[in-house]
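In what follows, a structure is listed as C-alpha cells, so that the remarks can point back to it.
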Amino acid sequence: MVRRPRQGSHGAEASFPGVAVASLRRMTDVLIATDADAVFAEVEAALADERTRVVRVRSGQEVAGSVAESTPDLVVLDLQIGNMGGIAACLHLRHEAGADRLPEVPVLMLLDRPADEFLARRSGADGWVVKPLDAFSLRRAATAVLDPA
C-alpha cells in the first residue's frame, strides 16, 4: 500500500496503475533498517541489482545518521526494530526534514499486520508492505513510492 503524496513527496496511488515493476531506474541507494537477517535478505534479493545498492543499519537510531551521511533514494523501515522501531524512526526523519536538518526521503514501511497501516500512515510513511514479504510486492511498492507517474 502506498499513501497519498505529500507536497514534495514521492507518494503514489495504492493500486499502482501503470507502474513499471521490472525497473527501479531512478533508485541507486536503498537504506534498510532491520535487525532481522531474514528481512534484510528478502529486501536485498528483491531490490538489489546492477543499478541498486542496498545498505543496512540494524537499529532505528542509526537511520537519521545514515540519511544525513548519504541521502539514500529510498529508506525501508521494518516496523519491529529493537527499541526504536520503524514508526519512531519514520517520525524522527519527518520531524528532522521539517526542521531542515535532514533531506526529505521517501520511506517504505514493512508492517507486521494490516492493522498497522494506520500507524504507517500517521508516521508519514510514503508506502508500506504487509509481511510476509515477497519480491514482487517489495519491488512494486518501491517503484510506486519512487515513481508515482
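Please treat every number below as a calculation from the coordinates, not as lab data. Note that the structure is a prediction, hence the values are computed from the model and not measured. Note that each Cβ is placed from the backbone with ideal geometry, even for glycine, and that neighbours are counted across all protein chains shown.
Short to long, the 5 Å bins of the Cα pair-distance histogram for segment 29-146 hold 2, 13, 25, 28, 21, 9, 2, 0 percent of all pairs.
Please order GLU69, GLU104 by the number of other Cβ within 10 Å, starting at the fewest. Let's see the in-between values first.
Details: GLU69 9, GLU104 20.
Taking fewest neighbouring Cβ atoms as first place, the list is GLU69, GLU104.
Computed extension gain for GLN80 through ASP112, at 0.36 nm per residue and net of the alpha carbon distance, reaches 10.7 nm.
Only Cα pairs under 8 Å and 6+ residues apart enter the sum, and on that basis the relative contact order of segment 29-146 stands at 26 percent. Database remark: amide H of ASP29 closer than 5 angstrom to the amide H of ARG53, ASP73, LEU74 (H placed geometrically; neighbours at sequence offset of 5 or more, or on other chains; Pro and chain starts carry no H). Which of rounded, prolate, oblate describes segment 54-107, given a ≥ b ≥ c as roots of the alpha-carbon gyration tensor eigenvalues and a/c under 1.5 marking rounded, otherwise prolate only if a/b is larger than b/c? In terms of gyration-tensor shape, oblate.
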